[in-house]
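As structure tokens, the structure follows; a few thoughts come after it.
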Amino acid sequence: MTSRQPSAAVLADEWTANRAPEVLVGASATIRRRRRAGYVGQLTGVGYTPRIVALAGLMLRGLQQGSGMRGGFDPPIGFAAGATLAAAVTAREWLSCITLGWYWGGLYWSALGVRPPPDSRGLPITIRGVQL
């Protein structure tokens, strides 16, 4: 339910503030600024689109699945729903799109058989004497 707007933004490759004028009825100053910035970015070709942001999430998930960074980096689906709701409240749709890419990336990379090397024991990172 919370991924409906970000999914539509990724499919249309246009931010919701630019795509759905009904969002702007009584819109806050933040949404009006986001809309203006989106149009300027679209006109000049500068800035990130929803598909690029979702692709970033998908690629980060691929990096996570192809390496040994499994522990602690697989948040439950409730995390995605909470992050998407928080992004909607703060009018920051990029967070919803990157989260969407992250979760779809799990299915995508699994279907392609992306796994860490068989002899991988994770990343040998030491932080203040604690082995992760």
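Observations on the structure shown:
- Boolean, ARG34 is at pLDDT below 75 and closer than 20 Å to ALA8 by Cβ: yes
- Pairs are defined by a Cβ separation below 9 Å, a sequence spacing of at least 6 or placement on different chains, a first member in region 45-67 that is touching a residue at least 40 places away in the same chain (Cβ under 8 Å) and over 24 Å from ARG121 (Cα atoms), and a second member that is among the charged types (D, E, K, R) and crowded, with 16+ Cβ neighbours inside 10 Å; the pairs so defined are PRO50/GLU14; PRO50/GLU93; VAL53/GLU93.
- Those residues of region 87-98 which are loosely packed, with under 14 Cβ neighbours inside 10 Å and assigned to a helix (DSSP H, G or I), in sequence order: VAL89
- Residue within region 90-101 that is within 23 Å of ARG4 (Cα to Cα), of a type in the set (A, V, I, L, M) and modelled with pLDDT under 80 present: yes
- Candidates in region 9-25 are the residues that are at pLDDT 75 or above and hydrophobic (A, V, I, L, M, F, W, C); of these, the one that is farthest from ALA37 (Cα to Cα) is LEU11.
- Boolean, VAL40 is among the hydrophobic types (A, V, I, L, M, F, W, C), modelled with pLDDT under 85 and assigned to a helix (DSSP H, G or I): yes
The values are calculated or read from the model by the stated rules, or taken from the named source; none is laboratory data. The shown structure was predicted, so the numbers you read here are calculated from the model rather than taken from an experiment. Backbone-built Cβ (ideal geometry, glycine too); neighbour counts: all protein chains shown.
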